[in-house]
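The values are calculated or read from the model by the stated rules, or taken from the named source; none is laboratory data. Keep in mind that what you see is a predicted model, and the values were worked out from it rather than measured. Reconstructed Cβ throughout: ideal geometry from the backbone, glycine too, with neighbour counts over all protein chains shown. Just so you know, the surface numbers come from the protein's heavy atoms only, side chains and all, with ligands and any DNA or RNA stripped out. Shrake-Rupley method; radii C 1.70, N 1.55, O 1.52, S 1.80 Å.
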Amino acid sequence: MTQPGKNGMTYSDAGVDIDAGNLLVEKIKPAVRSTRRPGADGEIGGFGGLFDLKAAGFTDPVLVAANDGVGTKLKIAIDANRNDTVGIDLVAMCVNDLVVQGAEPLFFLDYFATGKLDPDQGAAIVGGIAAGCREAGCALIGGETAEMPGMYAGGDYDLAGFAVGAAERGQLLPAGDIGEGDVILGLASSGVHSNGYSLVRRIVELSGLSWDAPAPFADGKTLGEALMTPTRIYVKPLLKVIRETGAIKALAHITGGGFPENIPRVLPKHLAADIDLGSIQAPKVFSWLAKTGGVEPHEMLRTFNCGVGMIVVVAAEDAERVAAALTDEGETVFTLGRMVAREDGAPGTIYSGTLAL
């Protein structure tokens, strides 16, 4: 009951600040506008975002949708107070899943939930989302901010992202002509990307290092800064090379589950990927994680990307020109393996050589 002479309770008394939400919307409008592209030029604030496929240049498109989050990398962002790049991770995890199907990312929506809305923190997060959208060439056409006291402790928050892309009918990947002898190219990752961070955090705890301690594997950076390196967005280089060469048969985004879970997803059942682990130059962060945590190589390969963020399958005769084209677009490319026959019940990924950790 309210006390005599007192005003009734408000939403703010319950822990939800509508004014803070409105302030956040105003703060992020310039970042959202910076992501406009053909097909999307509206303002945020409506009940739904609009996209014009015809204005984007498509004639007979198939839509491709993906959604993802950032996982417990968010805990490092919160604990290290580095919230400006997790939005890039959020976009990357979605749009990289679109491009592996040959689709051009068109638009993106985010969901940001927190216990107590801090407009400056929210603006930093959405600024990162907008940066990721610009890098991927997709428009940020909407989103949702939820202030939920009692659901999230302290400064905790969570993010989810939703991306939609399109490809002309008949141009989706993987192609149906993947065969024995096809070459597997690897594209270097920027680091841990956004998978395996529950194990990363346990290893950091074991090491006794704080987030502001110098990173043992990255000169001039703190541990928190180094581990927050954003996920690489492969969209524009891959789309350009797909369209210019017509030679890419399949792509696989190496995320949670590493090589053994992600590569077989794009292969026919009669083929396996024979991976030469000796061809991988794993970034120093993976060596540090493996040694500090005593993590076995097979566990590294099924938890982390180990330095390979994307794989590309091409015919042997096309491997050199596709690798050159991707290199010209700024990617670090190396020959990772080949397609071989797969017996019934055999794994879809087999290994030769040793992963240098």
Cα principal axis extents for segment 10-79, largest first, Å: 52, 29, 21
Rule-of-thumb Rg ratio for segment 208-357 [Cα; 2.2 N^0.38 Å; N residues]: 1.14
Percent RCO, i.e. relative contact order, over segment 114-270, from Cα pairs under 8 Å lying at least 6 residues apart: 24
Average Cα contact separation per residue, the chain, under 8 Å, 6 or more apart, as relative contact order %: 21
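Given all pairs of different Cα atoms, what value in angstroms does the Kirkwood hydrodynamic radius of segment 216-281 take?
Working: mean 1/r = 0.0659 Å⁻¹.
Mean inverse Cα-Cα distance, inverted, gives 15.2 Å.
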Computed label-point distance, nm, for sites residue 343 and residue 287 using a 7 Å Cα→Cβ extension: 3.7
Cα-only Debye scattering, segment 260-332: base-10 log of I(q)/I(0) at q = 0.15, 0.19, 0.20 Å⁻¹: -0.66, -0.97, -1.03
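Among 289-296, 72-79, what's the highest-first ranking by average C-beta atoms within 10 angstrom per residue? Display every interim value, and only then the final one.
Details: 289-296: 16.0, 72-79: 19.8.
The most tightly packed comes first, giving 72-79, 289-296.
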Rg followed by Dmax, in Å, when segment 93-156 is reduced to its Cα trace: 13.9, 42
Computed log₁₀ I(q)/I(0) - Debye formula, equal Cα scatterers, no solvent, segment 1-138, q 0.09, 0.15 Å⁻¹: -0.35, -0.82
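May I ask for the longest run of the chain untouched by chymotrypsin sites (Phe, Trp or Tyr not before Pro) that are loop-located per DSSP and have at most 12 neighbouring C-beta atoms (other than their own) within 10 Å?
On the way: sites that count: 11, 47.
With chymotrypsin sites (Phe, Trp or Tyr not before Pro) excluded where exposed in loops, the chain gives 48-357 as its longest stretch.
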Whole-angstrom Cα spans of segment 74-197 along principal axes, big to small: 54, 28, 24
Counting all C-alpha pairs of segment 249-298, share separated by more than 12 Å (%): 72
Å² of accessible area per residue within the chain, as computed with a 1.4 Å probe and no ligands counted: 46
Radius of gyration and Dmax over the Cα atoms of the chain, both given in Å: 22.2, 85
Segment 154-240 - percent relative contact order, Cα under 8 Å, separation 6 or more: 25
Lys, Arg +1 and Asp, Glu -1 on Cβ, resulting dipole of the chain about Cα centre, debye, nearest 20: 160
Estimated inter-spin distance, residue 172 and residue 10, nm [label 7 Å along Cα→Cβ]: 5.1
Percent accessible area from carbon and sulfur atoms, the chain, protein chains only, probe 1.4 Å: 50
Kirkwood hydrodynamic radius of segment 42-86, from inverse mean 1/r over distinct Cα pairs, in Å: 14.5
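How compact is segment 269-309 by the rule of thumb for globular proteins, expressed as Cα Rg over 2.2 N^0.38 Å? List each step's numbers first, then the result.
Values: Rg = 11.7 Å, N = 41, 2.2 N^0.38 = 9.0 Å.
Cα-based Rg divided by the globular estimate yields 1.30.
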Nearest-10 value in Å² for the accessible area of residue 302, using the 1.4 Å probe: 130
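Counting every Cα pair in segment 110-262, what percent are over 21 Å apart?
Numbers: 7298 of 11628 pairs.
Tail of P(r) above 21 Å: 63 percent of Cα pairs.
When only DSSP loop residues count, what trypsin sites (Lys or Arg not before Pro) in segment 156-209 have their Cβ near at most 14 other Cβ atoms within 10 Å?
Details: sites: 169, 201, 202; in loops: 169.
Counting only loop positions with at most 14 other Cβ atoms within 10 Å, the trypsin sites (Lys or Arg not before Pro) in segment 156-209 are 169.
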